[in-house]
Amino acid sequence: ISPVDIVLIGPKPAGTPVLTAVRQVSASHPEIPIMALMTSPNRDEIAEAREAGAREVLPADEFSREIWVRTFDFCLREMAVSQELAEVTARLDWLQHMDSLTDLLNRKGMERAVLDELSRCRRDGDDLLILLIDLDEFSRINATLGHGVGDLVLTAAAKRITESVREGDKVGRCGTDRFVVVLPESELADGEVIAEKIRLAVSRDVITAGEHKLTTTASIGISQISPDTMSFDEVLAMAHFVLQQSKQRGKNRVGRAATLDDGEMIRPADAGPEIVQTLLRGEGLRISSQPIVDLTDGRIVSREMLSRGPDGPLHRPDNLFRFCQENDILTAVDLKCLLLCAEAAVDMGPRADYHVNIMPATLLQTDADELIRVLKLPGGEGRCCLEISEQQL
């Protein structure tokens, strides 16, 4: 008939002990205040009832109208505050993790979704399937027809993408005209079917702006992400590489480029931008160390691990990390270096202490549990000191 305000249980619910009934009701309706009515309850019985889920315990044999009314009023006001707080928290979570234009996950929300899926993939031993969608010629639309028309194109594309995926798939906007789709527990064939559905759906819309009629097309890259991938930046960098390889063959198509595990070692002096692929695989990165000495007695108290790039112009760490920042793979490569340093420390001995430089952005963008997972290698029981690198403001 109307929402339930308060539930009274006791003193003798039908054939059920009071505590059992309280547990059952509080488990099924945690949002409703429950009052346990007990005959002459002692301190231990009151504590047990509250532990079972009762908000308050009232003595059934000592009725006091004033105390009961005051208790009811307190619980109702407390419930109202809890509901308001839950609504505000949900709104703040939405503002932090959702894109206001398209109502899709934003970059932060998509990062949370991807890292959650990677954790599941590590448990199950699966790869994660990612679609990276790029709207063709979108910058020209913005430049010639204005950002208002550009927003129309983005919202229409977001709607078509959402309509084309399955329940449980995650869709987000990461960049001006780029969308990411996460396909949990999917085979490559599933991804190809969904990607083609998205491509056809996006190109179906015709937007009229004054004398112009716009038909939007999309280029889509399908990537299989290893569960060992350590950061969202690394996921995006891999997906971007696959998408670029696909777009070289033409726009308005679905592409699946060669995986990042394929191909030979590429020297930076020979390949230019192709070194991005090599660095994402962790190839060409080298680790050395130098002792940290106690000057009072000459003891080696720890070691500083040093990262070096492939032979050539990226061998110096300042050049290496500047190149990574320019190509938007700084966090991904920094985590690769951290992992390689941890592995090298294990080789130095079971309790070797060591220091590692780490970029501020890596600390800010990487979940603490993920950092610990990288550092806690089998056999590595020494202490690691993370030093904030001065190469990044």
* **Cleavage-rule hits (trypsin sites (Lys or Arg not before Pro)) in the stretch 90-184: DSSP loop, at most 16 neighbouring Cβ within 10 angstrom** => 166
* Can you name the helices of the chain, as whole DSSP H runs, whose Cα span along the helix axis is 15 Å or more and whose Kyte-Doolittle mean is not below 0.0? -> 18-28, 147-164, 188-204, 232-247, 330-348
* To do: May I ask which residue of 371, 346, 385 lies farthest towards the positive end of the charge dipole of the stretch 293-385, with charges of +1 (Lys, Arg) and -1 (Asp, Glu) on Cβ and the Cα centre as origin?
  => 346
* **Alpha-carbon centroids, the stretch 117-188 and the stretch 10-54: separation in whole Å** => 49
* Asked: About its Cα centre, what dipole magnitude does the chain give when the only charges are +1 on Lys and Arg Cβ and -1 on Asp and Glu Cβ, stated in debye to the nearest 20?
  -> 640
* Any idea which of 115, 312, 145 is furthest toward the positive side of the dipole for the chain, if Lys and Arg beta-carbons carry +1 and Asp and Glu beta-carbons -1? -> 145
* To do: Any of 159/251; 108/251; 159/213; 108/336 with alpha carbons more than 23 Å apart? Name them for me.
  => 108/251
* **Accessible area of the chain divided out per residue, in Å², using a probe of 1.4 angstrom** => 54
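Taking the highest mean first, how do the peptides 146-154, 126-134 order by number of other beta carbon atoms within 10 angstrom per residue? Each step should come with its number before you reach the end.
Details: 146-154: 16.3, 126-134: 22.6.
Output ranking for 146-154, 126-134: 126-134, 146-154.
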* To do: Whenever you get a sec, compute what percent of the accessible area on the chain sits on carbon and sulfur atoms (1.4 Å probe).
  => 51
* Asked: Does the chain come out rounded, prolate or oblate, given a ≥ b ≥ c as the square roots of the eigenvalues of its C-alpha gyration tensor, rounded meaning a/c under 1.5 and, failing that, prolate meaning a/b above b/c?
  -> oblate
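The values are calculated or read from the model by the stated rules, or taken from the named source; none is laboratory data. Just so it is clear, the structure is predicted and the values come from calculations on it, not from any experiment. Cβ atoms come from the backbone with ideal geometry, glycine included; neighbour counts cover every protein chain shown. Please note that ligands, DNA and RNA were not included when accessible areas were found on the heavy atoms of the full protein model with its side chains. Shrake-Rupley method; radii C 1.70, N 1.55, O 1.52, S 1.80 Å.
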